[in-house]
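Here, each number is a calculation from the coordinates, and none is a lab measurement. Because the structure is a prediction, the values reported are computed rather than measured. Cβ placement follows ideal geometry from the backbone for every residue including glycine, while neighbour counts extend to all protein chains displayed.
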There are 4 protein chains.
Amino acid sequence: MPQLSDVVAEIAAEMAARPDRGQVATYIPELGRVDPNQFAIAVALADGSVVEGGDCETFFSIQSVSKVFTLTLALGLAGDRLWNRVGREPSGSRFNSIVQLEQERGIPRNPFINAGAIAVTDMILSGHQPREALGEILRFLQFLSNDDSVFIDKAVAASEERTGYNNRALANFMKGFGVVDNPVEFVLGVYFHHCAIAMTARQLARSGSFLAHQGRNPATGHSVVTAERARRINAVMLTCGHYDGSGEFAYRVGLPGKSGVGGAILAIVPGKASVAVWAPGLDAAGNSHLGRIALERLTARMGWSIFGGSAAETS
Amino acid sequence: MPQLSDVVAEIAAEMAARPDRGQVATYIPELGRVDPNQFAIAVALADGSVVEGGDCETFFSIQSVSKVFTLTLALGLAGDRLWNRVGREPSGSRFNSIVQLEQERGIPRNPFINAGAIAVTDMILSGHQPREALGEILRFLQFLSNDDSVFIDKAVAASEERTGYNNRALANFMKGFGVVDNPVEFVLGVYFHHCAIAMTARQLARSGSFLAHQGRNPATGHSVVTAERARRINAVMLTCGHYDGSGEFAYRVGLPGKSGVGGAILAIVPGKASVAVWAPGLDAAGNSHLGRIALERLTARMGWSIFGGSAAETS
Amino acid sequence: MPQLSDVVAEIAAEMAARPDRGQVATYIPELGRVDPNQFAIAVALADGSVVEGGDCETFFSIQSVSKVFTLTLALGLAGDRLWNRVGREPSGSRFNSIVQLEQERGIPRNPFINAGAIAVTDMILSGHQPREALGEILRFLQFLSNDDSVFIDKAVAASEERTGYNNRALANFMKGFGVVDNPVEFVLGVYFHHCAIAMTARQLARSGSFLAHQGRNPATGHSVVTAERARRINAVMLTCGHYDGSGEFAYRVGLPGKSGVGGAILAIVPGKASVAVWAPGLDAAGNSHLGRIALERLTARMGWSIFGGSAAETS
Amino acid sequence: MPQLSDVVAEIAAEMAARPDRGQVATYIPELGRVDPNQFAIAVALADGSVVEGGDCETFFSIQSVSKVFTLTLALGLAGDRLWNRVGREPSGSRFNSIVQLEQERGIPRNPFINAGAIAVTDMILSGHQPREALGEILRFLQFLSNDDSVFIDKAVAASEERTGYNNRALANFMKGFGVVDNPVEFVLGVYFHHCAIAMTARQLARSGSFLAHQGRNPATGHSVVTAERARRINAVMLTCGHYDGSGEFAYRVGLPGKSGVGGAILAIVPGKASVAVWAPGLDAAGNSHLGRIALERLTARMGWSIFGGSAAETS
């Protein structure tokens, strides 16, 4: 078995050097201006240490990776009642989820597609003011990462608010079915802002650590969720974490993971590690191009796939 | 950590006693006549031993569980070219897959929905006579289970041939897109017969053992596939193995698994075990009612979820 | 051939007496309070006269019938460029049109489904203030009916604004595809208000008269559109005027028609008459129950189907 | 009003000269070999005469135009019970009808899409041998056209049988829902053969004549259906006769019509004429390119649109 630090260093070096960097998302001007030549990887381990490579001090927009944390928060607030309003099956369609929303009367298929994440945000809002709900989400991420420098990038949020017609359509559609309780603009305001949370790879890896260790963050000793809930969130990440590329990610990487359009991916190695990678350029499916390749390298070299170790591991 | 033999015995006892037994499938008369009071569980371990409970000598129709083995066989014949004709994403729709087939021009979403399994069967057939292809599939299962008593139940196959209009529609539809090469009736003949393969729980657990152990069957020492291919088949089982209930199975059981309408489920515990359960009564989603519950018990008690061990396991 | 006045009187008497009155729409409280025992029929003829029966002095909410007039107005403003943003094919799906909108990238199938009518309203708005656009629509209907008492029922409009989440979803969805130019709330404000226009059956029959007479209103002598445009609007009414019940209306009544959820139907007998019927109770498909039956009686008795006269007519 | 004979001659001359001829269908080799430079138009009038232009002696494959006649025949056999198995709404989707079949549990939307025509053929078959049913359909067309030279082109039928996988999928799919009674291969055999009926434009115009004249063929004096049924078949032709181009045909031509992939269109002018046009090249929507243009010319010049006469007509 190779040394993790060597593997991480090799991956960081390879990813820094590759010419194929994908395309940065341009629908949000702020994301479009990010330099595609950046790459970061951070692996948070059971002993609380973090093995890093690349631009691990750089803040990036976590975008949809935030949905893992809003789901965790909402489960804490609403418990399993949450599943009355959001399913946990892969969406499995190339077509956008509004088709599915119509067929299933406003119930989103899972908490990681946009409609589902909006419904989850509505549960966190739950009658409070948007400012309060957003503060709670931000504090939760500062708590998980044990780092108060995590912040909300208001320019990114404002940009999404100006252009988010499709999300506005989804939210109104669910509201028409009674699946969204709070005023649509309140819910979307919180949603656009939590997608605009900015973190470093190190902070993100630490924030996911409780999912790798039975609900407890080994760096801080804080218990976040029960072991069963951690397993179940991992299961939803594996089946639904990459939209209609979830099967492909499971097939190639073999870890629960959640990607964001800012180029971040959080992946969980149960019992071993929480891994954050960041590379701003995306592949055709909208997931980080080099991020996915980096994770493929990592699981292959370390024998970390949840679907079975490598020959190397056992010998 | 509890003893596996105790856990299996307890599960078998509980499942034998439960009054809720689900509904046996009735669209095939032969399946409709099976006694719903039966239950079997067999756990094949790394040392080649099998821990059993319940009716482990009884033969049952493996139905769609056969698709794991035809996929394995077809990958051996066609290699990764197979993925040009079949996807590996969850189907994710309550609506039957013919809608998806139309939208994606005849390419089935994955090898475990009916359309995908028919396309896989077409690749195995590959210009041979149906009799030859079917013989190859049967011999493959006898080889994997190391037991020549595995057989094809011709009455079940004949029953499916008389009523399989939906599968006939799927096969013709794919043929129209050029995704099926061989004559439709040849392909369906092989398909209906391999779904009618009859095995015991012990045989089925042994047959899946190579998937738990990096492609090698520990009982026989035979290498079946590479470690990477075994992992990848497990990944497809996890994301696609229970039709539109795959997310639910991952969430509750936390193992790669494949169910059949005859009431069998094969589940893989990577590095540890291959598990076959059989209980003929189905739940509303068409998966074995008690089979799923038995697997939930097993992973919870043994800490076998691939998404993270129980507190018990680590302490 | 029977006398029209006799036929109208008989129909009015029958409809007043029938016990089956359908169900009034309740999703808008103002519509839910309308007395279902009312019925009106008005037939505007080529000589400018109107043959009436029933409650022809009562004002009702024309709802979606307004879409015939906004289409006419928008064609006058935008010409055939309108058809770049709206199709003219039947929607033909039981499922709500947002599915279709997604598949066809924001282009509504026709101007009479909600999405299409919203896109048409956007073209009328065309950079103006909502108040101006709405004034223009109202004046157009006063001009067509030659009656200044036509008005907008603001309580109905306000009610729709409070509950119109599905229309808000459609408008935002189209906005995301660039099919709506003006601010969504402006467009919906005008849309909800023009659906809330209140008229009598006599006024409505007169307003449709130009469609029966090659674009010219025989009562006033005003030329509204060209003969070709009148024919084409009639064609769209026939194929698309009753949502997914358009085929049924053509089959039973045999006239171009447009229904509204307030219980009104406008039907055109080319070369002969413009007919307004109103009965507040709806059938399962959301069209006026007695209105449809009344029109069926009228075309059968008068031999007015555009698909061929009755034996009576020719003999 | 211009003379019909002049108009027909002008249209025939223009269509013979135009360079844009569309593309002949190539999926059936026999159709692909047809010379695209041919054009025919025949107008059967109330006095039994036929005004002709172009290649009116040439036999062509009527293909889907046959569905008007099988519908008429099946209504005669089954009466309005037919509508329990087939709807009468436009299909209205760019996507092939198998999606709709699934959503509506095997009931085709209308008798003119392939699925609906197959269900209609099943009703004609109704327990008889394919040969008998086919003989009845052929005799019906010889009777309607008053011409025994109408025949079935067996090479075309054989070609369709070899390649008709999509129709085979539809038929099996409906069989699975119990909407098809007879053996699938019997039904398809009759279906493929009636689509392969060969006629001249003159024969086709005469065959449709009963639809223009209240169910009675004026040339022969034979009463074929009631006036009401003729109107209703016309209504279904108008709303459903050109697949997903039915709205467009109504908008441009303004007549009930039915097209076939062989390049024929039958159009009905209620009370006046039955028109057959034939030009083998198709437009992007699969309808005869010059056939549609010829009909547009004819209705515009003659003021024959059912949606209102031209200014010329009334003055």
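Placing a label point 7 Å from Cα toward Cβ, how far apart in nm is B:Thr58 from its equivalents in the other copies, listed shortest first to one decimal?
6.2, 6.8, 7.1
Any idea what Rg and Dmax come out to for region D:4-302 if you just take the C-alpha atoms, in Å?
Rg and Dmax of region D:4-302, Cα atoms, are 17.6, 54 Å.
Return the loop-located chymotrypsin sites (Phe, Trp or Tyr not before Pro) in region A:1-60 (DSSP other than H, G, I, E, B) with at most 12 other Cβ atoms within 10 Å of their own Cβ; answer none if there are none.
A:Tyr27
Distances in nm, one decimal, shortest first, from C:Pro29 to the same residue in every other copy, taking the label point 7 angstrom along Cα→Cβ.
With the label placed 7 Å along Cα→Cβ, C:Pro29 yields 4.4, 6.2, 7.3 nm.
Could you work out how far helix D:289-302 tilts from the main Cα principal axis of chain D, as a 0 to 90 degree angle to the nearest 10?
Computed tilt is about 50 degrees.
Got the relative contact order for region C:179-270 handy, in percent, Cα pairs under 8 Å and 6 or more residues apart?
20
Calculate log10 I(q)/I(0) of region A:134-179 for q = 0.18, 0.22 Å⁻¹, where I(q) comes from the Debye formula with a single equal point scatterer on each Cα and nothing for solvent.
-0.74, -0.82
If a/c stays under 1.5 just call it rounded; otherwise compare a/b with b/c (prolate if a/b is bigger, oblate if not). Do that for region C:236-293, with a ≥ b ≥ c from the square roots of the Cα gyration tensor eigenvalues.
oblate
List the relative contact order of chain B as a percent without decimals, with contacts defined as Cα pairs under 8 Å and 6+ residues apart.
26
Work out the charge dipole of region A:1-139 with +1 on the Cβ of Lys and Arg and -1 on the Cβ of Asp and Glu about the Cα centre, then indicate which of A:Met123, A:Gly48, A:Gln3 is farthest towards its positive end.
Ranked along the dipole, the leading option is A:Met123.
Nearest 0.05, what FRET efficiency do A:Lys154 and C:Arg81 give at R0 = 45 Å with Cβ-Cβ as r?
After rounding, the FRET efficiency stands at 0.70.
For the pair A:Arg33 and B:Asp181, how long in nm is the line joining their label points, each one 7 Å along Cα→Cβ?
5.5
Averaged across B:156-169, how many Cβ atoms of other chains sit within 10 Å of each residue's Cβ atom?
For peptide B:156-169, the averaged partner shielding equals 3.
Treating the angle as unsigned and between 0 and 90°, give the value, to the nearest 10°, between the Cα long axis of helix B:130-145 and the longest Cα principal axis of chain B.
Value to nearest ten degrees: 10.
Averaging over every viewing direction, what projected area does the convex hull of the Cα atoms of region C:174-243 cover, in nm²?
Projected area, direction-averaged: 6.6 nm².
Could you state, as a whole-number percent, how many of the C-alpha pairs of region C:187-315 are farther apart than 23 Å?
Of all Cα-Cα pairs in region C:187-315, 32 percent lie more than 23 Å apart.
What spacing in nm lies between the two simple spin-label points modelled at B:Thr220 and C:His128, each 7 Å away from Cα in the Cβ direction?
8.1
Express in whole angstrom the spacing between the alpha-carbon centres of region B:5-52 and region C:253-315.
64
Treat every Asp and Glu Cβ in region D:4-302 as -1 and every Lys and Arg Cβ as +1, leave all other atoms uncharged, and give the resulting dipole magnitude about the Cα centre to the nearest 20 debye.
Roughly 580 debye for region D:4-302.
In whole Å, how far is the Cα centre of region D:152-228 from that of region C:114-135?
Value for the Cα centre distance between the two parts: 47 Å.
Can you give the calculated 222 nm mean residue ellipticity of the protein assembly as shown, where each DSSP H run of n ≥ 4 adds -39,500 (n - 2.57) and the sum is split over every residue, rounded to the nearest 500 deg cm²/dmol?
-14000 deg cm²/dmol
Can you give the average number of partner chain beta-carbon atoms within 10 Å of each beta-carbon in peptide A:224-237, as a whole number?
Rounded to a whole number, the mean comes out at 5.
Just counting partner chain Cβ atoms within 10 Å, what average do the residues of peptide B:100-107 show around their Cβ?
Counting Cβ atoms of other protein chains within 10 Å of each residue's Cβ and averaging gives 3.
Give me the angle, in degrees from 0 to 90, between the Cα long axis of helix C:114-125 and the longest principal axis of the Cα atoms of chain C, rounded to the nearest 10.
With both axes taken from Cα atoms, the answer is about 70 degrees.
Taking Cα pairs under 8 Å and at least six residues apart, what relative contact order does region A:65-195 come out at, in percent?
RCO, region A:65-195: 31 percent.
Once Rh is set to the Kirkwood radius over Cα pairs, what Stokes-Einstein translational diffusion coefficient, in µm²/s, holds for region D:11-68 at a temperature of 25 °C and a viscosity of 0.890 mPa s?
Value of D from the Cα-based Kirkwood radius: 185 µm²/s.
With +1 on each Lys and Arg Cβ and -1 on each Asp and Glu Cβ, and nothing else charged, work out how big the dipole of the protein assembly as shown is about its Cα centre, in Debye to the nearest 20.
Magnitude of the dipole: close to 0 debye.
Which of the three applies to region D:51-107, rounded, prolate or oblate, going by the alpha-carbon gyration tensor with a ≥ b ≥ c and a/c under 1.5 meaning rounded?
The shape class here is oblate.
Give me the tail of P(r) for the protein assembly as shown as a percent: Cα-Cα pairs with distance above 54 Å.
Above the 54 Å cut-off, the protein assembly as shown has 31 percent of its Cα pairs.
Pick out, from B:Val180, B:Gly92, B:Tyr191, the residue whose Cα sits farthest towards the positive end of the charge dipole of region B:68-214, with +1 on the Cβ of Lys and Arg and -1 on the Cβ of Asp and Glu.
So the residue we want is B:Gly92.
Just to be sure I understand: chains A and B are related by a rotation, so which residue of A has its Cβ closest to that axis, and how close in Å?
It is A:Gly92, 1, counting Cβ atoms only.
Students often get this wrong, so check it: of A:Lys67/A:Lys154; B:Lys67/B:Lys175; C:Lys175/C:Lys258; B:Lys67/B:Lys154, which have C-alpha atoms separated by over 22 Å?
From the list (A:Lys67/A:Lys154; B:Lys67/B:Lys175; C:Lys175/C:Lys258; B:Lys67/B:Lys154), the Cα-Cα distance tops 22 Å for C:Lys175/C:Lys258.
Starting from 0 in steps of 10 Å, tell me what percent of the Cα-Cα pairs of region B:65-195 lands in each bin.
Distribution as computed: 13, 46, 33, 7, 0 percent.
Taking amide H positions as placed in the peptide plane 1.01 Å from N, state which residues far from A:Phe151 in sequence (5 or more) or on other chains have amide H under 5 Å from it.
Correct list: A:Ala198.
What are the label-to-label distances in nm, one decimal and shortest first, from D:Ser5 to the same spot in the other copies, with labels 7 Å along Cα to Cβ?
4.6, 10.4, 10.6
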